[in-house]
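> There's a structure below that I have some questions on.
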Amino acid sequence: MMLFKRFPVSSGYDNDVNNDRHIAYTEWGQPDNPHMVVCVHGLTRNCRDFDFLAQALAADCRVICVDVVGRGQSDWLTDAAGYDDYLLYLSDAVALLKHIGALDNDRIQLDWVGISLGGLIGMMLVIQPGLPLPLPLPIPIRRLVMSDIGPLIPVAALARIAQYLGKDPRFASFDEFEAYMKKISVSFGPLSEAQWHHLALHSVREFGDGTYGFRYDPGIAASFKKHLSEDIDLWAQWDALHIPTLVLRGMESDLLYAETAAEMQVRGAKARVIELPGIGHAPMLVSDDQIAIVKDFLLAEKATSAA
């Protein structure tokens, strides 16, 4: 069973203008299960992308899927400049863990699954000791899954995303919205019609004038476009990562190059990399084969002990 919840964030780190907002999330599985999996979506996506994966994990894990600030059902920032502040995302993540009781329970085994932006948030949380966060993370992240993201983000891919990000198009019907979403998201790969419909249904917002648009703050684009002059290089952060890490790469991805993925296997976390044909950016973890890959990685120790 899935539960939808919201909680207030009023962090000592955030600027006052961005305080007093709410973060939304879904919760799956038993609330007393010490094996907790936190799932975080990509740049403009939302927590309902993980419904298929969470349902598959719910019998074995407590699964928390969060709407990052400015996306889905979470509040938008008053000051859009905050979308470019990675410490705000980390602070919100720690606030979520505190809210759900993960920080007060030494029995918790915490795993992190992130698609694109969500993977970067997880990576930064793992290496966060020393960062100026108001809430420390006293429990370690045990395993990390990163879908189609790495420590080198090509500026060409950022420029492609910038072509549609923040344009805030409006459509006369839901069907028109869904067709447009499928067009700009074709790199997700060969999803079924039911899967596309699910993603569209939870990505749409109906406005007061009867039109339909995306459920994310177009202000995200203002800060994003500041990074269109050069590649983003996070190799120093990757080299500080030393936990079991699974990387899924779409073989047609323009955001995670094959050369970058290969280097990720020998540096830092020395990740296990699985390449998926017919997919670009990013594998959405909704198909049975992708769910099985992630589930096997997260439950590997349980499978070994049960053998």
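Read the figures in this text as sums done on the coordinates, not as results from a lab. All figures in this text were calculated on a predicted structure; none of them were measured in a lab. Neighbour counts run over all protein chains shown; Cβ positions are idealised from the backbone, glycine included.
> Would you check if there is a residue in segment 190-208 being out of contact with any helix residue (DSSP H, G or I) (no Cβ under 8 Å at 6 or more places or on another chain), surrounded by fewer than 17 Cβ atoms within 10 Å (Cβ to Cβ) and under 29 Å from Glu259 (Cβ atoms)?
yes
> Now, a different point. Would you pick out the residues in segment 152-174 that are closer than 24 Å to Gly280 by Cβ and among the charged types (D, E, K, R)?
Matches in segment 152-174: Arg160, Lys167, Asp168.
> Between residues in segment 268-292 that are touching a residue at least 24 places away in the same chain (Cβ under 8 Å) and under 10 Å from Ser147 (Cα atoms) and residues that are of a type in the set (Ser, Thr, Tyr) and in a loop (DSSP other than H, G, I, E, B), which pairs lie under 6 Å by C-beta distance while being six or more apart or on different chains?
Final answer for the pair search is His281/Ser253; Ala282/Ser116.
> Does Tyr164 qualify as being part of a helix (DSSP H, G or I) and within 23 Å of Arg205 (Cα to Cα)?
No: the conditions fail for Tyr164.
> Under 6 Å between Cβ atoms, which residue pairs at least 6 apart in sequence (or on different chains) link something in segment 182-193 that is assigned to a helix (DSSP H, G or I) with a partner that is of a type in the set (Ser, Thr, Tyr)?
Here the result reads Ile184/Tyr164, each pair linking segment 182-193 to a residue that is of a type in the set (Ser, Thr, Tyr).
> In addition: Just to be sure I understand the filter: pairs with C-beta atoms under 9 Å, separated by 6 or more residues or on different chains, first member in segment 204-233 and in contact (Cβ under 8 Å) with a residue 24 or more places away in the chain and polar (S, T, N, Q), second member surrounded by 12 or more Cβ atoms within 10 Å (Cβ to Cβ) and in a loop (DSSP other than H, G, I, E, B). Which pairs pass?
Cβ pairs passing all conditions: Thr211/Arg170; Ser223/Asp85.
> A further question follows. Which condition breaks for Asp106 when tested against (1) of a type outside the set (Gly, Ala, Ser); (2) in contact (Cβ under 8 Å) with a residue 40 or more places away in the chain; (3) surrounded by fewer than 14 Cβ atoms within 10 Å (Cβ to Cβ)?
In the conditions (1) of a type outside the set (Gly, Ala, Ser); (2) in contact (Cβ under 8 Å) with a residue 40 or more places away in the chain; (3) surrounded by fewer than 14 Cβ atoms within 10 Å (Cβ to Cβ), Asp106 misses (2) alone.
> Also, I was wondering about something else. How do the pairs read when you match residues in segment 56-69 that are under 14 Å from Ile115 (Cα atoms) with residues anywhere that are basic (Lys, Arg), using Cβ under 8 Å and keeping only pairs 6 or more apart or on different chains?
As it stands, the answer is Cys65/Arg48, since those pairs meet every condition given.
> Go through Lys225, Lys270 for me and flag whichever is over 18 Å from the mean Cα position of the chain (by Cα), surrounded by fewer than 17 Cβ atoms within 10 Å (Cβ to Cβ) and not in a loop (DSSP other than H, G, I, E, B).
On inspection, the qualifying residue turns out to be Lys225.
> Could you check Gly114 against (1) among the small types (Gly, Ala, Ser); (2) farther than 20 Å from Arg45 by Cβ; (3) buried (at least 21 other Cβ atoms within 10 Å of the Cβ); (4) in contact with a helix residue (DSSP H, G or I) (Cβ under 8 Å, 6 or more places away or on another chain) and say which number it fails?
Unmet condition: (2).
> Give the residue that is surrounded by the most Cβ atoms within 10 Å (Cβ to Cβ), with candidates limited to residues of segment 44-103 that are in contact with a His (Cβ under 6 Å, 6 or more places away or on another chain) and of a type in the set (D, E, K, R).
Residue satisfying both the conditions and the ranking: Asp49.
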